[in-house]
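A.B. asks: What follows is a single structure, and I will ask about it in a moment.
What follows is calculated from the coordinates using simple rules that are stated; it is not laboratory data. Computed from a predicted structure; not experimentally measured. Note that each Cβ is placed from the backbone with ideal geometry, even for glycine, and that neighbours are counted across all protein chains shown.
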Amino acid sequence: MEAFIVFFTRYLPAFADGFLITTWVAALAAPTAMIWALVLIIPRLARWKWLTRLVDGYVEIMRNSPLLVQMYLLYFGLPLLGIFWSSIVCGVIAIALQHGAFLSEILRSGIQSLSQRQWEAGSAIGLRRSAVIRLVILPQAFIRVLPALGNQLIVLVKDTSLVSAIGVMDLTLTGKVTIERSGASFEAFIAVAMFYLVLTTVLGLALRVVEVRAARRYG
Amino acid sequence: MFPVLQSSLPYLLQGAVYTIVLSAIVVVFGTILGVGVGVLAAVGGKALRAAVTAYIFVFRGIPVLVVMFLGFYSFPAMGLRLDAYTAVAVSMIVYVAAFVAEATRGAIAAVPAGQLEAAKSLGMRKGMMMREIILPQAMRLLIAPVLNISLMAIKQTSYASIVGAWELSFAAREVVERTLAAFQIFLGVMIIYFVICYPLSLAARALEKRLAFDH
Amino acid sequence: MNPAADLASRGEEIVAINGLRKSFGAIEVLKGIDISVKRGEVVVVLGPSGSGKSTMLRCVNFLETFEQGAITVNGRPVGYKTTGGVRKPVSELENARLREHVGMVFQSYNLFPHRTVLQNVMMGPVKVKGMNAAKARDLAMRLLGKVGMDHKADAYPGRLSGGQQQRVAIARALAMEPSVMLFDEVTSALDPELVGEVLKVMRELAEEGMTMIVVTHEMGFARSVADRVIFMDGGVVVEAGPPADIMANPKTDRFRGFLSRHLSEDG
């Protein structure tokens with residue numbers, strides 16, 4: 001235990017940097033994924049048949065193949081097209097592409113769970129379809145699936161650890177480097193695990209507060 | 001049309017076999033361990049319940065990759081000499097079991113209270129009630145969630161390559177480093193994963209609707 | 001049981017409830033209930049919702065705990081034993097043993113959905129009493145015949161109507177050969193056209209001399225089948241007596257009001 005504390009204080013600066021990078025990647029990827037999810041449900045709401053099928057196919061591919069391989073595809077593939085993005089950007093985009101698909105599925109299930117009457121009520125007061133979607137359907141669907149969206153965001157935060165595989169010096173890679181370069185023992189990864197636990201727990205609690213507030217206000 | 005993919009396909013498929021074997025081991029043992037832990041929490045005392053809650057909380061809160069690294073570096077410190085493949089398998093089993101345990105607790109809690117009252121009224125005691133009434137119904141409710149967890153686990157076996165275990169993703173990186181054909185290879189590998197995962201995905205969705213009891 | 005013993009046991013007290021008090025949190029739902037049920041007697045408990053009648057019934061086989069008072073079934077204490085003035089909960093085993101002698105039928109049937117009709121009825125005798133399967137099967141088929149459900153022995157409960165499920169639930173409780181049967185609003189969840197088939201089975205049971213406590217809203221059943229009607233309101237017994245007396249001449253405004261509301265809808 002004492003050794004652990006000594007070790008912790010000695011490597012804390014490095015871990016703090018890694019923690020910031022991890023938080024940064026998550027903070028970039030989460031809103032990007034959310035915006036991408038909203039884009040992905042447009043074809044269905046606008047009833048563009050072919051585009052809807054294309055999106056469905058895209059979602060299936062994202063759901064049924066690993067994020068890591070998708071990330072490799074961007075990171076190793078884009079330079080071949082003459083596109084040189086930093087590893088952080090590749091990581092963020094890969095995460096957003098996959099989690100956007102999951103988030104759009106969640107939003108879709110929320111929209112489907114709304115009663116047809118909400119659509120009818122919206123058009124009955126003279127709103128156009130796009131206004132019904134924007135003012136009536138999406139806000140309600142969003143509140144209904146808030147817990148599922150929250151869970152997905154926590155998965156997203158954990159998935160940021162994959163950027164370590166393409167060289168981003170996040171918490172995970174910091175742990176690995178600490179062990180391999182400075183001969184620290186496996187406790188380095190207990191420290192890494194604790195940082196992640198703090199991050200996901202704080203996020204989880206914050207999301208709970210939002211959920212409870214939303215439930216109290218709209219429930 | 002895709003010369004590199006064609007010539008390296010046998011190598012990649014060999015990697016896929018490793019992926020499938022690793023997935024099968026993780027899913028089977030992770031499910032057994034997870035269901036066991038979940039049931040234990042349901043029948044056990046307060047201390048046991050608290051321990052299981054802590055286990056689930058910790059493992060659900062950290063990335064599987066970190067758990068893999070933790071296993072990979074800590075097993076030697078415990079005097080266990082495991083190769084990367086085994087270290088990853090053991091780490092993933094413990095990780096997946098936490099998710100299965102959580103699902104098991106949920107499934108047990110989802111058995112309606114009326115079922116327990118009916119069982120009690122017949123003079124059943126706790127153990128028999130668990131065996132005859134609760135578990136058979138909970139196991140059925142558990143099938144779809146466990147399929148979804150399995151799907152997650154199969155995709156996560158690709159992270160084993162980061163720790164240094166040879167499987168499909170590792171093989172893909174080797175080929176790309178040699179040939180630079182990133183698009184062909186990684187897209188091809190995504191398709192191989194898709195072929196493995198998609199049937200499970202379909203089954204999970206179909207069963208979710210079919211397996212609920214009409215109470 | 002030989003006829004002489006049977007005769008001797010008639011009039012013997014099966015269920016005794018004395019000074020029963022129970023609270024849910026700060027709200028006292030049972031405020032001192034005394035009820036005695038003798039062998040072969042059919043007691044129907046009436047009362048508005050929230051009167052505590054279902055809670056009282058659930059205390060009899062200890063599905064609910066209670067803070068004060070005592071209940072015995074066949075002279076065995078329910079839930080608590082008082083020795084030397086100290087009230088202690090009895091063991092889980094003793095509660096289980098007691099419940100073998102108390103059959104209970106629920107509003108929501110609560111059949112086991114993962115077992116067939118026959119397996120539902122056999123489960124108690126085989127698993128709890130250790131009866132051999134062949135014997136239990138005969139018993140179960142006989143009881144299913146009695147409730148008119150032997151033709152569905154191999155069906156799963158999910159395939160049956162509410163009335164059919166409730167008849168199977170009655171057979172399941174009877175299979176334990178209980179000393180008393182408790183019915184907790186067993187027709188309240190049924191579509192109106194299915195109520196009759198369940199009441200008919202209960203009526204036949206009463207005629208065969210089964211000891212029964214029936215919580216219900218069925219006034220017709222109370223009037224024609226009950227040996228004694230108990231009217232509960234606000235956690236106390238307000239009136240009790242033979243249906244011909246008290247239902248024709250209610251003494252309190254509360255019971256009179258209750259009757260006029262329910263008889264009008266009962267027709």
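A.B. asks: Defining a contact as two alpha carbons under 8 Å apart and six or more residues distant in sequence, what relative contact order in percent does the stretch C:1-103 show? Walk me through the numbers on the way to the answer.
C.D. replies: Values: 144 pairs, mean separation 26.2, N = 103.
Relative contact order of the stretch C:1-103: 25 percent.
A.B. asks: What is the Cα centroid distance between the stretch B:136-173 and the stretch B:1-74, reported in whole angstrom?
C.D. replies: 6 Å
A.B. asks: Do you know the relative contact order of chain A, to the nearest whole percent, from alpha carbon pairs under 8 angstrom that are 6+ apart? Let's see the in-between values first.
C.D. replies: Values: 192 pairs, mean separation 60.2, N = 219.
Relative CO of chain A lands at 27 percent.
A.B. asks: Subtract the Cα-Cα distance of residue A:134 and residue A:27 from 0.36 nm times their separation in residues, and report this length gain in nm to one decimal.
C.D. replies: Values: separation 107, 0.36 × 107 = 38.52 nm, distance 2.54 nm.
Between residue A:134 and residue A:27, full extension yields 36.0 nm more.
A.B. asks: Could you work out the longest stretch of chain C that avoids the trypsin sites (Lys or Arg not before Pro) located in DSSP loops with at most 16 other Cβ atoms within 10 Å? Intermediate results must be reported in sequence, preceding the final value.
C.D. replies: Details: sites that count: C:10, C:129, C:251.
The reported range is C:130-250.
A.B. asks: Apply the a/c threshold of 1.5 to the C-alpha gyration tensor of chain C and tell me whether it is rounded, prolate or oblate. Provide the component values of the computation, followed by the final result.
C.D. replies: On the way: a/c = 1.59, a/b = 1.18, b/c = 1.35.
Oblate.
A.B. asks: Here is a follow-up. Considering the options A:200, A:162, A:185, tell which one lies farthest towards the positive end of the dipole of the stretch A:110-219, charges being +1 on Lys and Arg and -1 on Asp and Glu at the Cβ, about the Cα centre.
C.D. replies: Going by the Cα projections, it comes out as A:200.
A.B. asks: Given Cβ point charges of +1 (Lys, Arg) and -1 (Asp, Glu) and nothing else, what value in debye, to the nearest 20, does the dipole of chain B about its Cα centre take? Could the numbers behind the result be given before it?
C.D. replies: Values: 16 positive and 9 negative charges, 130 e Å.
Roughly 620 debye, rounded to the nearest 20.
A.B. asks: May I pose another question? To the nearest µm²/s, what D does Stokes-Einstein give for the stretch B:3-214 at 20 °C and 1.002 mPa s, using the Kirkwood radius over alpha carbon pairs as Rh? Walk me through the intermediate numbers first.
C.D. replies: Details: Rh = 19.0 Å.
This corresponds to a translational diffusion coefficient of 113 µm²/s.
A.B. asks: I would also like to ask the following. For the pairs B:209/C:22; A:176/B:46; C:22/C:200; B:155/B:209, flag any whose C-alpha to C-alpha distance is greater than 31 Å.
C.D. replies: Numbers: B:209/C:22 42 Å; A:176/B:46 37 Å; C:22/C:200 33 Å; B:155/B:209 24 Å.
Beyond 31 Å between Cα atoms: B:209/C:22; A:176/B:46; C:22/C:200.
A.B. asks: Evaluate the distance, in nm, between pseudo-label points positioned 7 Å from the Cα of residue B:14 and of residue C:217 along their respective Cα→Cβ axes.
C.D. replies: With each label point 7 Å from Cα toward Cβ, the separation is 7.4 nm.
A.B. asks: Using a 10 Å cut-off around each Cβ of peptide C:108-121, what is the average number of partner chain Cβ atoms that fall inside?
C.D. replies: Details: counts 7, 3, 10, 4, 9, 10, 9, 4, 0, 0, 0, 0, 2, 0.
Neighbouring Cβ atoms belonging to other protein chains average 4 per residue here.
A.B. asks: What's the exposure ranking of A:170, C:154, going from fewest to most Cβ atoms within 10 Å? Don't skip to the answer; put the middle values down first.
C.D. replies: Values: A:170 26, C:154 9.
Listing A:170, C:154 from fewest to most nearby Cβ atoms yields C:154, A:170.
A.B. asks: Can I ask one more? In debye, nearest 20, what is the charge dipole magnitude of the protein assembly as shown about its Cα centre with +1 on Lys and Arg Cβ and -1 on Asp and Glu Cβ, if you could check? Mind dumping the intermediate values first?
C.D. replies: On the way: 68 positive and 51 negative charges, 106 e Å.
Using only the charged Cβ atoms, the result is roughly 500 debye.
A.B. asks: Residue B:139 to residue B:202: extension gain in nm, 0.36 nm per residue of separation minus the Cα-Cα distance? Intermediate results must be reported in sequence, preceding the final value.
C.D. replies: Numbers: separation 63, 0.36 × 63 = 22.68 nm, distance 1.95 nm.
Length gained between residue B:139 and residue B:202: 20.7 nm.
A.B. asks: Hey, another quick one. For chain B, what's the relative contact order in percent, using C-alpha pairs closer than 8 Å and at least 6 residues apart? List each step's numbers first, then the result.
C.D. replies: Numbers: 229 pairs, mean separation 66.6, N = 215.
Relative CO of chain B lands at 31 percent.
A.B. asks: Still on this structure, please answer the following. Once label points are set 7 Å from the Cα along Cα→Cβ at both residue A:216 and residue C:249, what is their separation, rounded to one decimal in nm?
C.D. replies: With each label point 7 Å from Cα toward Cβ, the separation is 5.9 nm.
A.B. asks: Still on this model: Once you've got the Cα coordinates, tell me which of C:53/C:81; C:88/C:251; A:158/B:126; C:81/C:135; C:81/C:129 are over 30 Å apart. Mind showing how you got there, number by number?
C.D. replies: Details: C:53/C:81 23 Å; C:88/C:251 39 Å; A:158/B:126 39 Å; C:81/C:135 35 Å; C:81/C:129 24 Å.
Result: C:88/C:251; A:158/B:126; C:81/C:135 exceed 30 Å.
A.B. asks: Kindly identify the stretch C:19-79 as rounded, prolate or oblate by the Cα gyration tensor criterion: order the square roots of the eigenvalues as a ≥ b ≥ c, call it rounded if a/c is under 1.5, otherwise compare a/b with b/c, prolate if a/b is larger, else oblate. Write out the running numbers ahead of the final one.
C.D. replies: Values: a/c = 2.14, a/b = 1.27, b/c = 1.68.
Oblate, because a/c is 1.5 or more while a/b does not exceed b/c.
A.B. asks: Taking the Cα atoms of chain A, what is the range of coordinates along each of the three principal axes, in descending order and whole Å?
C.D. replies: Sorted from largest, the Cα extents of chain A read 69, 48, 23 Å.
A.B. asks: From the phi angles alone, apply the Karplus equation (6.51, -1.76, 1.60; θ = phi - 60°) to the stretch B:38-52 and give each ³J(HN,Hα) in whole Hz, x where the residue is Gly or Pro.
C.D. replies: Values per residue, Gly and Pro as x: x, 5, 4, 5, 6, 9, x, x, 4, 4, 5, 4, 5, 4, 5 Hz.
A.B. asks: With θ taken as phi - 60° and the coefficients 6.51, -1.76 and 1.60, list the Karplus ³J(HN,Hα) couplings across the stretch C:147-156 in order, rounded to whole Hz; mark glycine and proline as x.
C.D. replies: 8, x, 10, 5, 6, 10, 3, 9, 7, 8
A.B. asks: Loop-only check: which trypsin sites (Lys or Arg not before Pro) in the stretch A:74-176 are DSSP coil with at most 11 other Cβ within 10 angstrom? Before the final figure, lay out the partial values.
C.D. replies: Details: sites: A:108, A:117, A:128, A:129, A:134, A:144, A:158, A:176; in loops: A:128.
Answer by residue number: A:128.
A.B. asks: Based on the Cβ-Cβ distance from residue A:35 to residue A:202, what FRET efficiency comes out when R0 is 22 Å, to the nearest 0.05?
C.D. replies: Numbers: r = 23 Å, r/R0 = 1.06.
Once the sixth-power term is evaluated, E becomes 0.40.
A.B. asks: Exposed loop sites here are GluC sites (Glu not before Pro) in DSSP loop states with at most 14 other C-beta atoms within 10 Å. What is the longest stretch of chain C lacking them? Display every interim value, and only then the final one.
C.D. replies: Working: sites that count: C:12, C:67, C:208.
Of all site-free stretches, the longest is C:68-207.
A.B. asks: Name the residues whose placed amide hydrogens come within less than 5 Å of the amide hydrogen of residue C:239, ignoring near sequence neighbours (fewer than 5 apart) on the same chain.
C.D. replies: Counting only residues 5 or more places away or on other chains, the set is C:231.
A.B. asks: List every residue whose amide H lies under 5 Å from the amide H of residue C:12, counting only residues 5 or more places away in sequence or on a different chain, with H placed 1.01 Å from N in the peptide plane.
C.D. replies: When sequence neighbours closer than 5 places are left aside, the close amide H contacts are C:39.
A.B. asks: Taking the Cβ-Cβ separation of residue A:84 and residue B:83 as r and a Förster radius of 30 Å, what is the calculated FRET efficiency to the nearest 0.05?
C.D. replies: Numbers: r = 37 Å, r/R0 = 1.22.
The calculated FRET efficiency here is 0.25.
A.B. asks: Residues of B:70-82, mean number of Cβ from any other protein chain within 10 Å of their own Cβ, rounded to a whole number? Each step should come with its number before you reach the end.
C.D. replies: Details: counts 8, 2, 4, 11, 5, 1, 2, 3, 1, 0, 0, 0, 0.
For peptide B:70-82, the averaged partner shielding equals 3.
A.B. asks: What does a probe at residue A:112 reach in the stretch B:120-157, counting residues whose amide N is under 19 Å from the point 7 Å along Cα→Cβ?
C.D. replies: Flagged as within label range: B:144-149.
A.B. asks: Additional query: Can you work out the PRE-style zone for residue C:24? Point 7 Å along Cα to Cβ, and I want the residues of the stretch C:233-254 with backbone N under 11 Å.
C.D. replies: Hits in the stretch C:233-254 for residue C:24 at 11 Å: none.
A.B. asks: When a footprinting reagent is the concern and you count Cβ atoms within 10 Å, what order do A:22, C:65, C:116 take, fewest first? Let's see the in-between values first.
C.D. replies: Values: A:22 28, C:65 11, C:116 18.
Lowest count first: C:65, C:116, A:22.
A.B. asks: Give the long-range amide H neighbours of residue A:114: residues separated by 5 or more places, or on another chain, with amide H under 5 Å away, using H modelled in the peptide plane at 1.01 Å from N.
C.D. replies: Excluding prolines and chain starts, which carry no amide H, there are no hits.
A.B. asks: Something else: Compute the separation of the alpha-carbon centres of the stretch A:101-133 and the stretch A:196-211 and state it in Å as a whole number.
C.D. replies: Each part reduced to its Cα centre gives a spacing of 29 Å.
A.B. asks: Over the protein assembly as shown, what lengths in whole Å, largest first, do the semi-axes of the equivalent ellipsoid take, defined as the square roots of 5 times the eigenvalues of the alpha-carbon gyration tensor? Write out the running numbers ahead of the final one.
C.D. replies: Working: eigenvalues 757, 171, 124 Å².
That gives 62, 29, 25 Å for the three semi-axes.
A.B. asks: When Cβ neighbours within 10 Å are restricted to other protein chains, what is their mean count per residue of peptide B:196-206?
C.D. replies: On the way: counts 2, 5, 5, 1, 1, 3, 2, 0, 0, 0, 0.
Average neighbour count from other chains, rounded to a whole number: 2.
A.B. asks: Per DSSP helix of 4 or more residues, -39500 (n - 2.57); summed, then divided by the residues of chain A. What does that give at 222 nm, rounded to the nearest 500? Don't skip to the end; give the middle numbers.
C.D. replies: On the way: 9 runs with 171 residues, N = 219.
About -26500 deg cm²/dmol.
A.B. asks: What list of ³J(HN,Hα) couplings, whole Hz, do you get for the stretch B:199-207 from phi and the Karplus terms 6.51, -1.76, 1.60, once you set θ to phi - 60° and write x for glycine and proline?
C.D. replies: x, 4, 4, 5, 4, 4, 5, 5, 6
A.B. asks: Next question, about the same structure. Quickly work out the residue A:124-to-residue B:131 label distance, labels modelled 7 Å from Cα along the C-beta direction, and quote it in nm with one decimal.
C.D. replies: Here the answer is 5.7 nm between the modelled labels.
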